[in-house]
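The values are calculated or read from the model by the stated rules, or taken from the named source; none is laboratory data. Keep in mind that this is a model prediction, so the values were computed, not measured. Counting neighbours? That spans all protein chains shown, and the Cβs are built from the backbone with ideal geometry, glycine included.
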Amino acid sequence: MKINGMPTRTIEPLADRSGVSIIDQTLLPFRYERVILRTLEDAAEAISVMRVRGAPLIGATAAYGVALALGQGVDLHRACGVLAATRPTAVNLAWALARMKSVLTPLSGNDRIDMAWAEAGVLCDEDVAMNQALGQHGAGLIQALAASRSGPVNVLTHCNAGWLAAVDWGTALAPIYTAHDAGTPIHVWVDETRPRNQGASLTAWELQQHGVPCTVIADNAGGHLMQQGRVDLCIVGTDRTAANGDVANKIGTYLKALAARDNGIPFHVALPGPTIDWSLDSGQAIPIEERRADEVSHVQGETADGQVVRVRLTPAATACANPAFDVTPARLVTGLITERGLCPASREGLLSLYPERRP
Ligand code: MRU
């Protein structure tokens, strides 16, 4: 994807391996700033406070975090433990760390460090290729709708599952970018996505950077727009998909799936293979992250004179709860969009695309 016309990835190693450059997403949409992660602690902090976020990018950052740790002389298993403890829901984190461990364990010394940087780079390149491929598969859904009607296809999305959430392309937004680039008229309804507002701050920003028409809506508006026939299709991402097709995604996704079902609107979930947790029989076992209460009681914004400030919304000392994800049961999901094609949200559907996982 491009920023100010320049092809850009969300995470890039420095050529001399002294650090890894990321976009500090806590500053968007107000400031576009890249920061350099130089240590294991930097990488873990960036994931925890969500300078980087989104399932694929969390995994990619963890992989580079391992490379940084080994360069500091930190033990491989300790490094993986520190990174694994940062965020619980996106399985891409555990997947990336398991992959790094399996490749690096047989090696030692400089060979291990060299391989860590190389493997993190390969993992990132694969992420780009997978998301580009799933974009091509998913674009067909949008193009089919476009062929059957006049005017833009109205797609509703939740949170940020765009290129900021991955190394490039994104998951839910990859089909949108692919169809848009092919000339299909599209308009995106962007759920603001309280409490952290990833839709309002990140999805709106990256869609605008790419020139895709979009409108931010309050989270509560989606059902009404669906009833009015103003949503043709929902596409969201997922942080962990259980083997039966249940999907965990940003809190509020489940409510949109219920509204879509009530209104007969297709509800698709886009994911690369590493987001599938084959060890879980159902979404009920997916760990749901509880984040800080002040993400609910406070919001960040920009004043008229350009200051980025945080303000409180609630009475002081109000109790707030902040479950960060919910699980949408497979029965509410019209289909999954993967790098290998489309499939029903079911065990058989997933196994038809990933037959090597068949017991
Ligand atoms: O808490 P976040 O911002 O990391 O949550 C991100 C999401 O919920 C995305 O929808 C998910 O990672 C989909 S994959 C791009």
Criterion (at pLDDT 95 or above and more than 16 Å from the ligand (Cβ to nearest atom)) met by exactly one of 91, 153: 153
Within segment 133-150, which residues are within 14 Å of the ligand (Cβ to nearest atom) and not hydrophobic (A, V, I, L, M, F, W, C)? 135, 138
Could you list, in sequence order, the residues of segment 300-309 that are more than 16 Å from the ligand (Cβ to nearest atom) and either surrounded by 12 or more Cβ atoms within 10 Å (Cβ to Cβ) or within 30 Å of residue 286 (Cβ to Cβ) (or both)? 301, 302, 308
Name the single residue, out of those in segment 170-210 being near the ligand (Cβ under 10 Å from one of its atoms) and of a type in the set (A, V, I, L, M, F, W, C), that is nearest to residue 237 (Cα to Cα). 172
Against the condition under 18 Å from the mean Cα position of the chain (by Cα), surrounded by 24 or more Cβ atoms within 10 Å (Cβ to Cβ) and either at pLDDT 95 or above or not assigned by TED's automatic domain parsing to the domain that holds residue 255 (or both), how does residue 133 come out, does it pass? no
Subset of segment 27-49 (residues that are surrounded by fewer than 19 Cβ atoms within 10 Å (Cβ to Cβ) and within 16 Å of the ligand (Cβ to nearest atom)): 27, 28, 29, 45, 48, 49
The helices (runs of 4 or more DSSP H) lying wholly within segment 199-282 that contain at least 3 residues that are touching a residue at least 24 places away in the same chain (Cβ under 8 Å) and buried (at least 24 other Cβ atoms within 10 Å of the Cβ) are 253-262
Could you identify the single residue in 149, 240 that is within 22 Å of residue 11 (Cβ to Cβ) and charged (D, E, K, R)? 240
Taking into account only those residues within segment 211-246 that are of a type outside the set (Val, Ile, Thr) and within 12 Å of the ligand (Cβ to nearest atom), which is nearest to residue 4 (Cα to Cα)? 237
